[in-house]
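The structure under discussion appears below in the form of C-alpha cells.
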Amino acid sequence: MEPLIKIENLKTRFHTEDGIVKAVNGVSYSMDPGEVLGVVGESGCGKSVHALSIMRLIQIPPGEIASGQIWFEGEDLLGLNDREIRS
C-alpha cells in the first residue's frame, strides 16, 4: 500500500536581515491511511512552519522550501503550480 503522505528531507528557510533561519531542517516521515501523527515541541521549533510547508502556504519571500519532497496520495505537491495546489 502506498503511504497517504510522505515527507522526505523537508527544509524550509527564511531570509532575514541577520541571515538565513532554518525553520525546518531535514524532516522525514510517512503515514498510511488511518494513522495519526502528533507533532510536539517547544515554541518556535518549527511545528507550524512544517504544517504550512506541506500546504505550500509559506510566504515567498522571505520564506522558501529549500529542498525535500512532499507526496500526498502519490502526487508531488512541490511540483504543482498555484492553481493545481489550490484545487
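The Rg/Rh ratio for the chain, using Cα coordinates for both the radius of gyration and the Kirkwood hydrodynamic radius, is 0.98. For the stretch 18-87, the set of trypsin sites (Lys or Arg not before Pro) satisfying both a DSSP loop assignment and a count of at most 16 other C-beta atoms within 10 Å is given as Arg56. Listed by chain and number, the aspartates and glutamates whose alpha-carbon sits under 20 Å from that of Lys6, ignoring those within fewer than 8 places in the same chain, are Asp32, Glu35, Glu64, Glu73, Glu75, Asp76, Glu84.
How high is the relative contact order of the chain, in percent, with contacts defined as C-alpha pairs under 8 Å that are six or more residues apart? Display every interim value, and only then the final one.
Working: 138 pairs, mean separation 33.7, N = 87.
Relative CO of the chain lands at 39 percent.
Overall, the chain carries a charge dipole of about 220 debye about its Cα centre when +1 sits on the Cβ of Lys and Arg and -1 on the Cβ of Asp and Glu, all other atoms neutral. Restriction of the GluC sites (Glu not before Pro) in the stretch 41-80 to DSSP coil positions whose beta-carbon has at most 11 other beta-carbons within 10 angstrom yields Glu42, Glu73. For Phe72 and Val40, the FRET efficiency from 1/(1 + (r/R0)^6), where r spans their Cβ atoms and R0 equals 30 Å, is about 0.85.
Per-residue extension of 0.36 nm, minus the Cα-Cα distance of Lys47 and Glu84, leaves a gain of 10.8 nm for this segment. Normalised per residue, the accessible area of the chain is 70 Å², obtained with a 1.4 Å probe and no contribution from ligands, DNA or RNA.
The values are calculated or read from the model by the stated rules, or taken from the named source; none is laboratory data. Predicted model, so just to flag it, every value in this text is computed and none were measured. Don't worry about glycine lacking a Cβ; one is built from the backbone with ideal geometry, like all the others, and counts go over all protein chains shown. Areas reflect the complete protein model, heavy atoms only, side chains present, ligands, DNA and RNA absent. Shrake-Rupley method; radii C 1.70, N 1.55, O 1.52, S 1.80 Å.
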